[in-house]
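Report on one structure; see the data block that follows.
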Amino acid sequence: MNSKPLKILLDRDLAKAAIPKAIEFCDKLLIKIINYAINAFGRCSSLSPGGDEYAVLLALYRHMIEMSDGVQVLISNCCPVPAKPLVRSSWESLLSLEYILKNNFKDRALGFLVDDVRRNLRMLNDLKTYYEIDEEFQQSINENNNLLEKSSYKSIESKFLEHSRNWPKWYQVFGIASNIRELATEPGREDKYVTLYFDWSSTAHGQDLTRFNITTQKGERTINPLRAPDKTILRSVTQLTTSFLLDGTKLVLGKFSPSEDLDLWYHNNLKHLYERVKLKTA
């Protein structure tokens, strides 16, 4: 049996060779912002005053960096479509950062953490229905229960228990947003919600049948190959990833290292690449 890919459907080298300049500029842009972000993360970690609320900010920022790093790997190999869910994941962390830092910082940050513990417990208890409980499994349940017993978490969890919904999201408990769209509307990001949840959602949920077939120059219908070189999607994924990570970096620096001038670094090191990708000249 042939172990090589069927070239008409997956030609890795040809995909990258078809739009080399676009890939090169997008890749350079992502690497620059990711490298800056990971160093900013290190600086912010060392400057953190401690406390779980600050750990939540760092965890969200780290998640953004990790998702962006995954996007860079995919973009460098001409795989922009599989990168879409990673962009959306990074954006959700950005929304969380904005919401936590906007008001009632400590309660919202701890609310995010308590929500995570509650969801872990719900998952573990659901899994008990299907799997035999061993010592390690029970230890995970005990550890999560012990977290909720901490005095700083008890008052936070009580607000979840008092909420009208059985399993409210943290932002429903500590604010007026009732869903992701409302969470995005307050900081003026509803347009991105439409893109990421209406347009790109079909990719995340395996329902994007429009990419299955293409029409050839002869008017024939055929299967669209994997890694089809599409500059528009490549640029869009790169631009959004960069924009979100820049905004997340600015928020985190504002909390941990407000004297750091991100705008100056952007102007001197990133603007020329970002504008080239944004203006479709790459």
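Arg165 meets each of the listed conditions (1) under 28 Å from Trp91 (Cα atoms); (2) modelled with pLDDT of 90 or more apart from (2).
With Asn77, Asn39, Asn35 as the choices, which residue is touching a residue at least 60 places away in the same chain (Cβ under 8 Å), surrounded by fewer than 22 Cβ atoms within 10 Å (Cβ to Cβ) and not assigned by TED's automatic domain parsing to the domain that holds Leu161?
Asn77
Based on what the data block shows, is Leu240 touching a residue at least 60 places away in the same chain (Cβ under 8 Å), assigned by TED's automatic domain parsing to the domain that holds Val56, among the aliphatic types (A, V, I, L, M) and in contact with a Leu (Cβ under 6 Å, 6 or more places away or on another chain)? Answer is no for this residue.
State yes or no: is Leu245 under 16 Å from Leu94 (Cβ atoms), surrounded by 16 or more Cβ atoms within 10 Å (Cβ to Cβ), touching a residue at least 60 places away in the same chain (Cβ under 8 Å) and out of contact with any His (no Cβ under 8 Å at 6 or more places or on another chain)?
On the way: under 16 Å from Leu94 (Cβ atoms): yes; surrounded by 16 or more Cβ atoms within 10 Å (Cβ to Cβ): yes; touching a residue at least 60 places away in the same chain (Cβ under 8 Å): yes; out of contact with any His (no Cβ under 8 Å at 6 or more places or on another chain): yes.
Here the answer is yes, as Leu245 does meet what is asked.
If the condition is being touching a helix residue (DSSP H, G or I) at 6+ places or on another chain (Cβ under 7 Å) and in a helix (DSSP H, G or I), then the stretch 155-179 contributes Ile156, Glu157, Lys159, Phe160, Trp170, Tyr171, Val173.
Take Val81 and decide whether it is part of a helix (DSSP H, G or I), of a type outside the set (Ser, Thr, Tyr), within 26 Å of Ala17 (Cα to Cα) and under 14 Å from the mean Cα position of the chain (by Cα).
Judged against the criteria, Val81 is not a match.
Would a scan of the stretch 202-220 turn up a residue that is closer than 24 Å to Met64 by Cα and touching a residue at least 60 places away in the same chain (Cβ under 8 Å)? Yes, because at least one residue in the stretch 202-220 is closer than 24 Å to Met64 by Cα and touching a residue at least 60 places away in the same chain (Cβ under 8 Å). Can you tell me how many residues within the stretch 208-237 are within 30 Å of Leu101 (Cα to Cα) and either of a type in the set (Val, Ile, Thr) or outside the structural domain of Val87 (by TED's automatic domain parsing) (or both)? Summing the residues that are within 30 Å of Leu101 (Cα to Cα) and either of a type in the set (Val, Ile, Thr) or outside the structural domain of Val87 (by TED's automatic domain parsing) (or both) in the stretch 208-237 gives 1.
The condition of being touching a residue at least 60 places away in the same chain (Cβ under 8 Å), under 20 Å from the mean Cα position of the chain (by Cα) and either closer than 30 Å to Pro5 by Cα or surrounded by fewer than 16 Cβ atoms within 10 Å (Cβ to Cβ) (or both) holds for only one of Arg235, Arg181, that being Arg235. A single member of Glu98, Glu24 is part of a helix (DSSP H, G or I) and touching a Pro at 6+ places or on another chain (Cβ under 6 Å), and it is Glu98. Can you pull out every residue in the stretch 258-276 that is surrounded by 15 or more Cβ atoms within 10 Å (Cβ to Cβ) and either aliphatic (A, V, I, L, M) or part of a loop (DSSP other than H, G, I, E, B) (or both)? Hits for the stretch 258-276 are Glu260, Leu262, Leu270, Leu273. Residues in the stretch 59-78 that are more than 14 Å from the chain's Cα centre (by Cα) and part of a helix (DSSP H, G or I): Val73, Leu74, Ile75, Ser76. With respect to the stated conditions, Ser3 is of a type in the set (S, T, N, Q), surrounded by fewer than 16 Cβ atoms within 10 Å (Cβ to Cβ) and not assigned by TED's automatic domain parsing to the domain that holds His272.
Return yes or no: is Ser68 surrounded by 19 or more Cβ atoms within 10 Å (Cβ to Cβ), of a type in the set (S, T, N, Q), under 24 Å from Lys255 (Cβ atoms) and touching a His at 6+ places or on another chain (Cβ under 7 Å)? It is false that Ser68 is surrounded by 19 or more Cβ atoms within 10 Å (Cβ to Cβ), of a type in the set (S, T, N, Q), under 24 Å from Lys255 (Cβ atoms) and touching a His at 6+ places or on another chain (Cβ under 7 Å).
The values are calculated or read from the model by the stated rules, or taken from the named source; none is laboratory data. Predicted model, so just to flag it, every value in this text is computed and none were measured. Cβ: placed from backbone, ideal geometry, glycine included. Neighbour counts: every protein chain shown.
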